[in-house]
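Student: Quick one: the structure is below, questions incoming.
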2 protein chains.
Amino acid sequence: MQGVLAQISGAQTVVLATPVKGDAAIAPAILYAASLCGIKLVLQIGGAPAIAALAYGTETVPQVNKIFGPGNAYVTMAKQLCAQQVPGLAIDMPAGPSELLVIADARANGEFIAADLLSQAEHGPDSQVILLSDSAEVIAATEKALAEQLKTLPRAQIAKAALENSALFKVQSIAQAVEVSNLYGPEHLILQLGESAEVLPKIKNVGSIFVGDYTPESAGDYASGTNHVLPTYGYSKVYSSLSLLDFYRTYTVQTVTKSGLADLAKAIIPMAAAEGLDAHANAVRIRLGEKQ
Amino acid sequence: MQGVLAQISGAQTVVLATPVKGDAAIAPAILYAASLCGIKLVLQIGGAPAIAALAYGTETVPQVNKIFGPGNAYVTMAKQLCAQQVPGLAIDMPAGPSELLVIADARANGEFIAADLLSQAEHGPDSQVILLSDSAEVIAATEKALAEQLKTLPRAQIAKAALENSALFKVQSIAQAVEVSNLYGPEHLILQLGESAEVLPKIKNVGSIFVGDYTPESAGDYASGTNHVLPTYGYSKVYSSLSLLDFYRTYTVQTVTKSGLADLAKAIIPMAAAEGLDAHANAVRIRLGEKQ
């Protein structure tokens, strides 16, 4: 999700940091994905120490300008502290626990909803999943399907812990569900609605939207092609999903001719005077051969 | 510089916070500029308390999602701390002291260079101005002009203090000057060169570039039309000059059909299995009517 963008952006130095447990080797799947993305340097480090090494540089770890990617609360705090302390270092966004919100109307399939809620809930005990529906029947069907599907789920313990932070809400209307969703600002939003066209433009704060009965969140995780480094914990109100824009930066360039400067002088000199900045005005006057 | 962008972006609540000394009133020029930008709420507050009020909201100050604009070290730290503590709050970029770097060849005018250096130096005693030239004569002419122009400058004391953090460097070539500039990453870069066309594409890290003899930095401050909320202190390596992009955010939307999901399943299910995330695979299998 990040390596592809780094490769397209033409970033000169791309480093992958990945932690391993004890004496374990890095998973071959990770190394293969890294090689597909042209990543030449893979570091077997993780957590806050990895962030510090990349931010400051060490004998073996190159100092980098941008540190992207999710992590736990310690990693997030390390990223924020390093970005404060090292000039010229930026991070992508603060990362909180993962979230999924489903908005479903009366014709939605409770089994599909339950499967989506569990696919987010199995990520970790601090994940949060929310259902907003105007149909008591759909909520009841989802509850029943959750209990059924949990029976055979290998990560049922984790999913059950996450479900304790979670809730299925009956709303008065789909319009009310949209209002709640915009206040919450979910990382992932699934719309299981007969008609999404009217609802879609009303969504304001969200990381990624999954529209229709056959668009599970796991399609986005693995195969739909959208980037899955997404704002969480309400940060969709101010941050975008990761994109090439995060790898680029822009600057402005201006050229003024002598006659153009004579015109602009009528704005520059009075405004510099209003701010008591004489040298600002002088930089114009000297060029125009005027008395200082 | 920020109000215009806020107005174009369609931001719903735009607040201007501006400090005043003692019992003084807000400068009429500021109120007039605010009214031109359609800003309806002007708060007579400043410093770290203003940042906290906007980040958390008070009885009289609305809570906002984005806090933009330069400030001193206390304001910058307050912005960074609040962005860490308040989910859904973002800031523009960390702000350091203001900087100007001039690259000048043998045909450059020392009086113009000196005027530009002083226009940045008069901002504050912590400003930094740098000249890089391959001509000892131009450096000598600049030094002479600096001494001359300082004689009549009202803010000479401030400018002299800034000049103590500053330096005029003789470089071996303009190519070397570009290399140094890219390492420094200046907020403002002035190119006083006979030929800028070859140099311009080699500039990598910068806030805003001023090309040619008649493009003083004060043109950018007041009239050239570029935005002057710029990265400082090396942050041009990772941040862009302020633009409409800072007021917008993007999210992704995906819709998958049932037959499309059957195709994507060939990628999703093995990848979910490799990560041990069965509920992710189930969200696909249940939709396709497959055995879990």
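The values are calculated or read from the model by the stated rules, or taken from the named source; none is laboratory data. In this text the structure is predicted, and so the values were computed from the model without any measurement. Don't worry about glycine lacking a Cβ; one is built from the backbone with ideal geometry, like all the others, and counts go over all protein chains shown. SASA here: full protein model, heavy atoms, side chains in, ligands and nucleic acids out. Shrake-Rupley method; radii C 1.70, N 1.55, O 1.52, S 1.80 Å.
Student: On full extension of the chain, what length is gained from B:Gln157 through B:Leu31, given 0.36 nm per residue of separation minus the C-alpha to C-alpha distance? Don't skip to the answer; put the middle values down first.
Tutor: Numbers: separation 126, 0.36 × 126 = 45.36 nm, distance 2.97 nm.
Extra length available between B:Gln157 and B:Leu31 comes to 42.4 nm.
Student: Which entries of A:Lys40/B:Lys204; A:Lys237/B:Lys66; B:Lys40/B:Lys79; A:Lys170/B:Lys258 show an alpha-carbon separation above 20 angstrom in the structure shown? List each step's numbers first, then the result.
Tutor: Numbers: A:Lys40/B:Lys204 24 Å; A:Lys237/B:Lys66 9 Å; B:Lys40/B:Lys79 23 Å; A:Lys170/B:Lys258 28 Å.
The pairs that break the limit, which is 20 Å between Cα atoms, are A:Lys40/B:Lys204; B:Lys40/B:Lys79; A:Lys170/B:Lys258.
Student: Can you compute the equivalent ellipsoid semi-axes for segment A:239-292, i.e. the square root of 5 times each eigenvalue of the Cα gyration tensor, sorted largest first and rounded to whole Å?
Tutor: Working: eigenvalues 252, 43, 15 Å².
Equivalent ellipsoid semi-axes, largest first: 35, 15, 9 Å.
Student: Here's something else I'd like to know. Please report the buried accessible area for the interface of A with B, total over both chains, probe 1.4 Å, in Å² to the nearest 100.
Tutor: It comes to approximately 7500 Å² buried between A and B.
Student: Roughly how crowded by other chains is peptide B:115-121, in terms of the mean Cβ count from those chains within 10 Å of each of its Cβ atoms?
Tutor: On the way: counts 10, 6, 2, 5, 9, 3, 1.
Per-residue shielding by partner chains comes out at 5.
Student: R0 = 25 Å: FRET efficiency of A:Leu200 with B:Ile8, Cβ-based, nearest 0.05?
Tutor: On the way: r = 24 Å, r/R0 = 0.96.
Working from the Cβ atoms, E equals 0.55.
Student: Okay, next question. How much length is gained on full extension from B:Gln63 to B:Glu275, taking 0.36 nm per residue of separation minus their Cα-Cα distance? All intermediate terms of the calculation are to be shown ahead of the outcome.
Tutor: On the way: separation 212, 0.36 × 212 = 76.32 nm, distance 4.09 nm.
That pair, B:Gln63 and B:Glu275, stretches by 72.2 nm at full extension.
Student: Let me ask something additional. Averaged across the residues of A:226-233, what count of C-beta atoms belonging to other chains lies within 10 Å of each residue's C-beta? Show your work: numbers first, answer last.
Tutor: Numbers: counts 4, 1, 1, 0, 2, 5, 1, 2.
The shielding value for this peptide is 2.
Student: Roughly how many percent of the accessible protein surface of chain B is carbon and sulfur, given a 1.4 Å probe and a whole-percent answer? Walk me through the numbers before you get to the answer.
Tutor: Values: 7580 of 13420 Å².
The nonpolar share, carbon plus sulfur, comes to 57 percent.
Student: List, largest first, the extents of the alpha carbons of segment A:99-245 along their principal axes, each in whole Å.
Tutor: 43, 32, 25
Student: Can you tell me which of A:190-196, A:174-180, A:95-101 comes out highest on packing, and rank the rest after it, using the mean Cβ neighbours within 10 Å? Could the numbers behind the result be given before it?
Tutor: Working: A:190-196: 20.3, A:174-180: 17.9, A:95-101: 22.3.
Highest to lowest by the protection proxy: A:95-101, A:190-196, A:174-180.
Student: Where Rh is the Kirkwood radius over the Cα pairs of chain B, the temperature 10 °C and the viscosity 1.306 mPa s, what D in µm²/s does Stokes-Einstein return? Walk me through the numbers before you get to the answer.
Tutor: Values: Rh = 22.6 Å.
The diffusion coefficient I find is 70 µm²/s.
Student: Give the calculated FRET efficiency between B:Lys170 and B:Tyr248 to the nearest 0.05, with a Förster radius of 51 Å applied to their Cβ-Cβ distance.
Tutor: Once the sixth-power term is evaluated, E becomes 0.70.
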